[in-house]
1. What length, rounded to one decimal in nm, is gained on full extension from Ile178 through to Ile110, with 0.36 nm per residue of separation minus their alpha-carbon distance?
2. Cβ neighbours within 10 Å, averaged per peptide: list 166-174, 44-52, 27-35 in order, most packed at the top.
3. Full extension from Lys167 to Ile74: what is 0.36 nm times the residue separation minus their Cα-Cα distance, to one decimal in nm?
4. Longer than 28 Å from Cα to Cα, which of Lys34/Lys117; Lys117/Lys167; Lys86/Lys167; Lys67/Lys117; Lys35/Lys167 are they? Say none if no pair is.
5. What percent does the relative contact order of the chain come to when contacts are Cα pairs within less than 8 Å and at least six residues apart?
6. Over the chain, give the accessible area per residue in Å² for a 1.4 Å probe, as an integer.
7. What is the distance in Å between the Cα centres of region 2-23 and region 106-146?
8. Which percent of the accessible area of the chain is formed by carbon and sulfur heavy atoms (probe 1.4 angstrom)?
Amino acid sequence: MPVLSFMLYVFVTSFTPGPNNIMAMLFANKYGLKKTLKFCVGVGAGFLIVMLLCSYLNLLLKNFIPKIEFFMTILGAGYMIYLAIKIICSKGDNENNNEDRNNSFFMGMILQFINPKGILYGITAIATFILPYHNSNASLVIYSLFLAFVGFVSTFCWSLFGSFFQKFLSKYRSQFNIVMAILLMYSAVSIFIK
């Protein structure tokens, strides 16, 4: 296995802006790091399930993905645009009741099943770097755990960023929300550009 190429692919893909990272940063900025941890753990749990599914169903997915890719792309892009609109329309700290539902373990986990970036990342990493060299049950589970752990760490790092700059970003919340919404919309649009 080309380890350096694998590690570069994993870390660059995991730490670049995407729905998980942007939402984690927004939640940490709004609710604080401690309250965002459940979202990050949900992302890690959902990502682990997706990576395990990608590992064990890769051959099936390789034949099946072209049939559902368009639907998943539309669903994922639509959800990201919905989140971007919610971010732009967000008024401030008094909206905790509605917004707090999205900052949960469940939402972090469910987001992984409609996150095209994460699913395509898993399929690509496993098909390109793992299955040609390792196909035992133990190695597939270990690599899935590793990929999920990196996903959790990247999401948590973005949460740390949002938390550390909470005072600064709260002063410029409106501008910050617009920039984050634009990044989410860019993520949604970039799915269609191949």
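1. Fully extending the segment from Ile178 to Ile110 adds 22.0 nm.
2. Packing proxy ranking, top to bottom: 44-52, 27-35, 166-174.
3. On the way: separation 93, 0.36 × 93 = 33.48 nm, distance 3.59 nm.
Length difference between fully extended and current span is 29.9 nm.
4. Values: Lys34/Lys117 26 Å; Lys117/Lys167 31 Å; Lys86/Lys167 21 Å; Lys67/Lys117 17 Å; Lys35/Lys167 16 Å.
Where the Cα-Cα span goes over 28 Å, the pairs concerned are Lys117/Lys167.
5. For the chain, the relative contact order is 48 percent.
6. That works out to 53 Å² for each residue.
7. Centre-to-centre (Cα) distance: 12 Å.
8. 72
The values are calculated or read from the model by the stated rules, or taken from the named source; none is laboratory data. In this text, all values refer to a predicted model and were calculated from it rather than measured experimentally. Virtual Cβ from ideal backbone geometry, glycine too; neighbours counted across all protein chains shown. What goes into the accessible areas is simple: the full protein's heavy atoms, side chains included, and nothing from ligands, DNA or RNA. Shrake-Rupley method; radii C 1.70, N 1.55, O 1.52, S 1.80 Å.
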